[in-house]
Amino acid sequence: MGSSLFGATLAAHLGLPYVFASHFAPQMLSQAINTYREQFKPSAYLDKPYVMLAANLLLADDDDTAHYHFTSAQQSFVRLRRNERGQMPKPTHDMDSIWSQAEKMMVDNALSVSFIGSVATVKPKLADFLAKYQPDELIVTANVYDQAARLRSLELVPQLNLFTLQSAAALA
């Protein structure tokens, strides 16, 4: 897994699969994937490039609930940048009391590859993402405090019809 051109270049030259850490470091996503695909050299492991992308995915029955639970991940990222240690924080209805405007911008940028909301909200956004980058695999994470919310998110994943989304992306 990498988040830079170095990792993409190394994987390409070694003929290895490449995972991009777009779930927390999306800034070089397009460049890294293009570099990897353009410079890929077949190896004993792979005859063609194999791209995996990581994304934050948090589904709920409605958008407000999903965004509420996602505040745990947002707070965690702020704490990481402040060098504060601790367990995953409880969600909050008031992120503005927790982060500064600069921290909000940093978190929004770092977590921009996040699909948060109801199935109806997330599905078209995820379809666009898959069509744009055409990964061979999508790796998802749901960093939340509430384990019931995480389980509900996973229960809703089949409703996204990811296989259908991926097939549509491949045809685009």
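Numerical summary
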item	result
Residues being polar (S, T, N, Q) and free of Cβ contacts under 8 Å to residues at least 24 places away in the same chain - total across region 118-159	1
All positions within region 1-24 that are over 13 Å from the mean Cα position of the chain (by Cα) and β-branched (Val, Ile, Thr)	Thr9
Single unsatisfied condition, Lys125 versus (1) crowded, with 18+ Cβ neighbours inside 10 Å; (2) modelled with pLDDT of 90 or more	(1)
Matching residues, region 1-24, being in contact with a Gly (Cβ under 9 Å, 6 or more places away or on another chain), in contact (Cβ under 8 Å) with a residue 12 or more places away in the chain and of a type in the set (A, V, I, L, M)	Met1, Ala8, Ala11, Val19, Ala21
Flag if Val107 is closer than 29 Å to Tyr18 by Cβ and either in contact with a strand residue (DSSP E or B) (Cβ under 7 Å, 6 or more places away or on another chain) or acidic (Asp, Glu) (or both)	no
Any hit, region 99-111, residues being under 27 Å from Glu155 (Cα atoms), among the hydroxyl-bearing types (Ser, Thr, Tyr) and out of contact with any His (no Cβ under 9 Å at 6 or more places or on another chain)	no
Residue, nearest to the chain's Cα centre (by Cα), within region 111-122, restricted to residues that are at pLDDT 95 or above and of a type outside the set (S, T, N, Q)	Phe115
Flag if Phe115 is assigned to a helix (DSSP H, G or I), in contact with a Leu (Cβ under 7 Å, 6 or more places away or on another chain), among the aromatic types (Phe, Trp, Tyr) and surrounded by 15 or more Cβ atoms within 10 Å (Cβ to Cβ)	no
Residue list for region 28-77, filter: closer than 22 Å to Tyr133 by Cα and among the hydroxyl-bearing types (Ser, Thr, Tyr)	Ser30, Thr35, Tyr36, Tyr50
Region 67-90 - residue that is over 19 Å from Ile139 (Cβ atoms) and among the hydrophobic types (A, V, I, L, M, F, W, C) and, of those, most open to solvent (accessible area, probe 1.4 Å)	Leu80
Any hit, region 49-65, residues being in a helix (DSSP H, G or I), in contact (Cβ under 8 Å) with a residue 24 or more places away in the chain and of a type in the set (A, V, I, L, M)	no
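The values are calculated or read from the model by the stated rules, or taken from the named source; none is laboratory data. What you are looking at is a predicted structure, and each value in this text was computed from that prediction instead of being measured. So basically every Cβ, Gly included, is an ideal-geometry build from the backbone, and we count neighbours across all protein chains shown. To get the accessible areas, we keep the full protein, side chains included, count just its heavy atoms, and leave off ligands, DNA and RNA. Shrake-Rupley method; radii C 1.70, N 1.55, O 1.52, S 1.80 Å.
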